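Colleague: Mind looking over this structure? Questions follow.
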Amino acid sequence: MKTADYKETLDQYYVHVYNRFPIVLERGDGMRVYDTDGKEYLDFAAGIAVFALGYNDPEYNAALTDQIGKIIHTSNLYYNVPAAEASEKLVRSCGMSKAFFTNSGTEAIEGAIKAARKYAWKKGKKEGGIIAMKNSFHGRSVGALSVTGNDHYQEAFRPLMGGVKFARFNDFDSILECVGDDTCAIILETVQGEGGIYPADPAFLRDVRALCDEKDILLILDEIQCGMGRTGDLWAFDGYGIKPDIMTCAKALGCGVPVGAFVLNEKTASSSLEPGDHGTTYGGNPLACAAVSAVFDIFEKRDIVGHVRELTPYFERKLGELTDRHSCVKERRGKGFMQGLELEGRKVGEVVAAAREKGLLVISAGTNVLRLVPPLAAQKEDFDKMAEILDVCLG
Ligand SMILES: Cc1ncc(COP(=O)(O)O)c(C=O)c1O
């Protein structure tokens, strides 16, 4: 088959919910991916913030191959070795109490909502009220979509899950306006990703944490995009000096193998989900958990988080230079290797397409933000090349 045939086949047989970019990706290596015509791309999209280690990492591949040769699925009716190892590493990494592995970020959100509601229900709060943020993104299933503050995504699928109120991100007063006796949880992204790369203000997060403590409301932090080292801390909340009651993660957790998790602190774990309350056939399978376990080992061995922290000023300097040179860049925002350039007077889609033509993959976020979420293994020369290409595309 030729490239055009693959596109035609996928368009014919696959539900059309994505307007895909017109290239067929075939393989990847390090920071680069290659399409079926053999064209090379420097990848600053990383499969939407997934490939923290880059592509085709030998150590990661070896761990997966080893597990494939043993067993890849057991169901949760039995214990399995990688699930034991991965859950311990995940829980210890964030100083919480218990983890539950899912197949995606969206499912992690579903589990987090259920855990929060069960916690409140056991205390006699039966309404299960949740405060979510406008401009947020938590996934497309009915529960996750119900807490996603974007009318456009929700419109055709109402009625959604009840009991959800929306406050403004980084506006504590708007949260106070939503709080009631029925409120069992507040859910937010520590750094809003899809909404346009907006980090939480430290004072805002501290105030939300204090409010949750005062009223025994559970704080759910969605670290699906911003967690696992992306901001220069292993968990973005580490950089804020606060902890959630429930944390959700996915994307870089498996570095390409589909896996997510919700993680509960001691208070929530000891008084929420019980046998029979939740489940999944595939979640926590040995293959996905072997990936998680290998990712944690490699992160530690190569000090991936330290690398992100060390190179962030260089990345930011390069983006700062682009911001200064091009009037169409209104603002640079972000943390670590999760950066956005808000554009005005230029359509982000045009810049994304021009960059792709020149061999650089970038994606958009929000209404007009160029999103840069490279593999966490990116080096100075990758930032130089990215800046060189964007300099031409933004001009
Ligand atoms: C913050 C956040 N939450 C949830 C999700 C949904 O995760 P998934 O696509 O793995 O279901 C995403 C995906 O982009 C996300 O960025």
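Colleague: Hey, can you grab everything whose amide H is under 5 Å from the amide H of Lys98? Only 5+ residues off in sequence or another chain; H modelled, so Pro and N-termini drop out.
Modeller: It is Leu264, by chain and number.
Colleague: Per DSSP H run of at least 4 residues, take -39500 (n - 2.57); add these up for the chain, divide by its residues and hand me the 222 nm value, nearest 500 deg cm²/dmol.
Modeller: Values: 14 runs with 156 residues, N = 395.
The per-residue figure over the chain is -12000 deg cm²/dmol.
Colleague: HN-Hα J couplings of segment 80-91 from phi, Karplus 6.51/-1.76/1.60, θ = phi - 60°, integer Hz, Gly and Pro as x?
Modeller: Using θ = phi - 60°, the values come out as 9, 5, x, 5, 5, 5, 5, 5, 5, 5, 5, 4 Hz.
Colleague: Below 23 Å, Cα to Cα, which lysines can Lys385 reach? Residues fewer than 8 away in the same chain don't count.
Modeller: Hits, sequence-local ones excluded: Lys39, Lys318, Lys330, Lys335, Lys347, Lys358.
Colleague: Quick one: what are the phi-derived ³J(HN,Hα) couplings along segment 379-387, Karplus 6.51/-1.76/1.60 with θ = phi - 60°, whole Hz, x for glycine and proline?
Modeller: Per-residue couplings from phi come out as 10, 3, 5, 5, 5, 4, 5, 4, 5 Hz.
Colleague: Enumerate the residues in segment 132-162 having an amide nitrogen under 15 Å from the point lying 7 Å beyond the Cα of Trp121 toward its Cβ.
Modeller: 162
Colleague: Still on this structure, I have one more. List the aspartates and glutamates whose Cα lies under 12 Å from the Cα of Lys125, skipping any in the same chain that are fewer than 8 positions away.
Modeller: Leaving aside aspartates and glutamates fewer than 8 places away in the same chain, those within reach of Lys125 are Asp181, Asp182, Asp216.
Colleague: So which residue, out of His152, His278, His73, gets the largest mean-square fluctuation from a GNM of the chain using Cα contacts under 10 Å as springs?
Modeller: His152
Colleague: Can you tell me the length gained on complete extension of the stretch Glu388 to Ala203, counting 0.36 nm per residue apart and subtracting the Cα distance? Before the final figure, lay out the partial values.
Modeller: Details: separation 185, 0.36 × 185 = 66.60 nm, distance 3.65 nm.
Extending this stretch completely gives an extra 62.9 nm.
Colleague: Which lysines have a Cα lying under 17 Å from the Cα of Lys126, excluding residues fewer than 8 positions away in the same chain?
Modeller: Of all the lysines, those that pass the test against Lys126 - Cα under 17 Å, at least 8 places apart if same chain - are Lys114, Lys118, Lys165, Lys215.
Colleague: Follow-up question, since we're still on this one. Using alpha-carbon pairs under 8 Å, 6+ residues apart, how would you state the relative contact order of the chain in percent?
Modeller: Values: 790 pairs, mean separation 88.9, N = 395.
That works out to 22 percent.
Colleague: Could you give the angle, 0 to 90 degrees to the nearest 10, between helix 3-13's Cα long axis and the longest principal axis of the Cα atoms of the chain?
Modeller: Relative to the chain, helix 3-13 is tipped by roughly 30 degrees.
Colleague: Over the chain, average the accessible area per residue using a 1.4 Å probe and give it in Å², no decimals. Display every interim value, and only then the final one.
Modeller: Values: 17900 Å² over 395 residues.
Per residue, the chain has an accessible area of 45 Å².
Colleague: Treating only the Cβ of Lys, Arg, Asp and Glu as charged (+1, +1, -1, -1), what charge dipole size does segment 229-371 show about its Cα centre? Round to the nearest 20 debye. Kindly include the intermediate steps, with their values, before the conclusion.
Modeller: On the way: 19 positive and 18 negative charges, 126 e Å.
Once rounded to the nearest 20, the dipole reads 600 debye.
Colleague: Ok, one more. Counting only protein heavy atoms, what percent of the accessible surface of segment 189-250 is carbon or sulfur at a 1.4 Å probe? The partial results should precede the final answer.
Modeller: Working: 730 of 1560 Å².
Answer for segment 189-250: carbon and sulfur cover 46 percent of the accessible area.
Colleague: Amide H of Gln192 versus every other amide H placed in the peptide plane: which residues, excluding those fewer than 5 positions away on the same chain, fall under 5 Å?
Modeller: Result for Gln192 returns Tyr198, Ala200.
Colleague: Right, here's the next one. Cα axis of helix 202-215 to longest principal axis of the chain: angle in degrees, 0 to 90, nearest 10?
Modeller: 20 degrees
The values are calculated or read from the model by the stated rules, or taken from the named source; none is laboratory data. Note that this is a predicted model, so its numbers are computed, not measured. Reconstructed Cβ throughout: ideal geometry from the backbone, glycine too, with neighbour counts over all protein chains shown. Note: areas computed on protein heavy atoms with side chains; ligands, DNA, RNA excluded. Shrake-Rupley method; radii C 1.70, N 1.55, O 1.52, S 1.80 Å.
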